[in-house]
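Encoded as structure tokens, the structure appears first; notes follow it.
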């Protein structure tokens, strides 16, 4: 494997999100919090969501982890903010497919920066890093629905 | 020690990974297997696979002889006084759990103390947490020095008249610290406590003498010492094991089964319920032969040199943070600037270099070190200084690769 391959993993946009995370911190006012660990490696992510009338009004994250898990969290919060919850879940599904090496269908929702993580699919050991924040988001939305 | 000749015995080492010759620096997680071990297991399955201790037929007799022969090899390997003191288990984890469940349940009560250290592997923490909750005993930690060593005076202070069990690793899988287990055993015995020594990271790398160490229990795994996965050993002093109840009940371990009650076989078989790990034991026996042929002292000396060389070379890299004492076993745990260990391990992997990244099953120790994760390069008899040079080059590359980010 050459650096070209590494570059498919560590795309510039990923490193930018890692270095300058968007939506890092916590939400003031009403929100739900989901903590999730990756017990095999020690990564920890906290996602905070503010959902009103089925819309994700605010999304923030915090935690510690590698460039892939933190940049993915940053991109995820950016992508779902202002979107209907159903769209957020749809994105999560598409993202999960992306990690399994699937291509994005044309009619699918625009993922923006998130597409940069497509290269992670070639590094099976790192897929869990990329999906951690999405899993936390899904868990939060599920809990919200049950309330 | 002729490292080139040693390497020739390990088929797996002669391959390219991601376009580079493999540099395997993860032997603390699991070691590679020499041809003789692989062939011995193959020979068992091809030539005399049979259940042990029950057949009258020829294959069964041979399988039993090989299985019990492996036990004798283990006895000599750790200098136990009798094969009755050598119990085959699934690994170190099962061995420690057996002691915690059986010895702990019978001997601990509220007010008693179990003394461990913050550097323990999860498998030498959680069994004690669980039995402490069940019996009302208290879990107590020996303090560590800033370099990750234990001072004897601290050990002495922590072990009191209330202590019933001291459980400690002989070698740390993260810090490389070699703990003074013989001295700590004496302290435990002075307080009429027993001591369990977790030998998972020591038995593969140095001569073990359980009698000289005066360990009451000693546990280790075959797969970290050139043997197969799925088998390990629990050594226990005969007097203690005799008084302990088995934790697994079923075939192989019984003497006489009545409708409502049963009696157990004698040691060691009363702790080996079910068809034992025959191929595993045979493979472990071959691994012991292999290590003995080379010599544990030679292996320890070789790894010591590698560790000292690695420390010297790695310390020249700017931003390198190494954990643990200078005088150590054959491993180096570290972090490089702000590069997360996972990212670092991915870049090294692209260069064909296998290291471990994460918490190394030692979360309390990670918190003590105030890090969430670390990277670790660990060495064994087949590693070379050239491979450490490759690691150092790989780390330089990693720094360059992430250089514009941090």
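If R0 is taken as 25 Å, the Cβ-Cβ distance between residue A:110 and residue A:30 corresponds to a FRET efficiency of 0.30.
A simple spin-label model places pseudo-atoms 7 Å from Cα toward Cβ; at residue B:35 and residue B:57 they are separated by 3.3 nm. When a/c is below 1.5 the answer is rounded, else prolate if a/b is larger than b/c, else oblate, so apply that to region B:49-293 with a ≥ b ≥ c taken from the square roots of the Cα gyration tensor eigenvalues. Note, shape of region B:49-293 comes out oblate. With R₀ set to 60 Å, the beta-carbon distance separating residue A:20 from residue B:72 gives a calculated FRET efficiency near 0.40.
The gain in end-to-end length when the residue B:157 to residue B:393 segment is fully stretched comes to 80.5 nm, 0.36 nm per residue minus the alpha carbon separation. Could you state the angle between the C-alpha long axis of helix B:181-190 and the longest principal axis of the C-alpha atoms of chain B, as a value from 0 to 90 degrees rounded to the nearest 10? For B:181-190 against chain B, the angle is about 40 degrees.
Rounding to the nearest 10 and keeping the result within 0 to 90°, find how far the Cα-based axis of helix B:385-402 lies from the longest principal axis of chain B. Value to nearest ten degrees: 60.
Angle between the Cα long axis of helix B:58-78 and the longest principal axis of chain B, 0 to 90 degrees, nearest 10? Helix B:58-78 sits at roughly 60 degrees to that axis. Among B:53, B:342, the ranking by other beta carbons within 10 Å of each residue's beta carbon, starting with the fewest, stands as B:53, B:342. The modelled label-to-label distance between residue B:239 and residue B:4, using points 7 Å beyond Cα along the C-beta direction, is 5.4 nm. Helical runs (DSSP H, four residues minimum) scored at -39500 (n - 2.57) apiece and divided by the length of chain B put the mean residue ellipticity at 222 nm at -11000 deg cm²/dmol. With each label modelled as a point 7 angstrom along the Cα→C-beta vector, the residue A:100-residue B:301 pair spans 5.6 nm. Available extension along the chain between residue B:326 and residue B:292 is 9.5 nm, counting 0.36 nm per residue and deducting the alpha carbon span. Here residue B:337 and residue B:266 are evaluated by their C-beta separation; at R0 = 45 Å the FRET efficiency comes out at 0.15.
Bear in mind these aren't lab numbers, they're just calculated from the coordinates by the rules spelled out. Treat the numbers as computed from the prediction; the structure is a model and nothing was measured. Every residue, glycine among them, receives a Cβ derived from its backbone with ideal geometry; neighbour counts consider all protein chains shown.
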